[in-house]
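The values are calculated or read from the model by the stated rules, or taken from the named source; none is laboratory data. All of these numbers come straight from a predicted model, not from anything done at the bench. Counting neighbours? That spans all protein chains shown, and the Cβs are built from the backbone with ideal geometry, glycine included.
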Amino acid sequence: MSCSVDLKAYAVDELPKNERGVVEDHVRGCQSCREELDRLNLTHSALSLLEDEEIPRRIAFVSDRVFEPRWWQTMWRSGPAMGFASSALLAGAILAHGFARPVAPATMATAQVDAAQIEQRVEAQVNSRLNSRVDVAVAKAVNEVQAKQAAELAQVVRAAEVQRKADLATIQQAANYYEKQIHRFEVASNEGPIQ
């Protein structure tokens, strides 16, 4: 049965007052429209529980130039290039040091020992500071991701619960309808043909 009333506009409260009265009168008398209005109200209440999210202003594609690495990033990530650059820099530093300042042989051994000890201390301190900063940053990032995932999971569970309740209500309505139909069939079969 197709009725000419606009149930969707009524459900979202977009009809003028005079037309709302006509729809309300019609729904009181029409079972199928009343069921349809109940389903629309359930859907509307489920949708109103969802949070509004901001639409992205720009969608980036993998082929955009934004994702291409800079020249220095390409070189920095290249192991052979960095190895060659560091060895060339070290060779240049050794040559410059050899020509710039000749050292007497007696003081050279003590200077090397002191320099080696200083380098070890500096390297140990740099490594300990770097490791502690990295550990803190990793722990913070992991905590943020876990909190975000927990919030998203809770939202999905709430939405699934709302959908489950809506499905149960629809199933209950269908069960009530079929129960009435079976009852009517039983009454009709018990009465027998009219003579």
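Considering (1) part of a loop (DSSP other than H, G, I, E, B); (2) surrounded by 10 or more Cβ atoms within 10 Å (Cβ to Cβ); (3) modelled with pLDDT of 80 or more, the lone condition that Ser4 does not fulfil carries the number (2). Of all the listed residues (Ser132, Ser189), the sole one being over 30 Å from Ser32 (Cβ atoms) and of a type in the set (Ser, Thr, Tyr) is Ser132.
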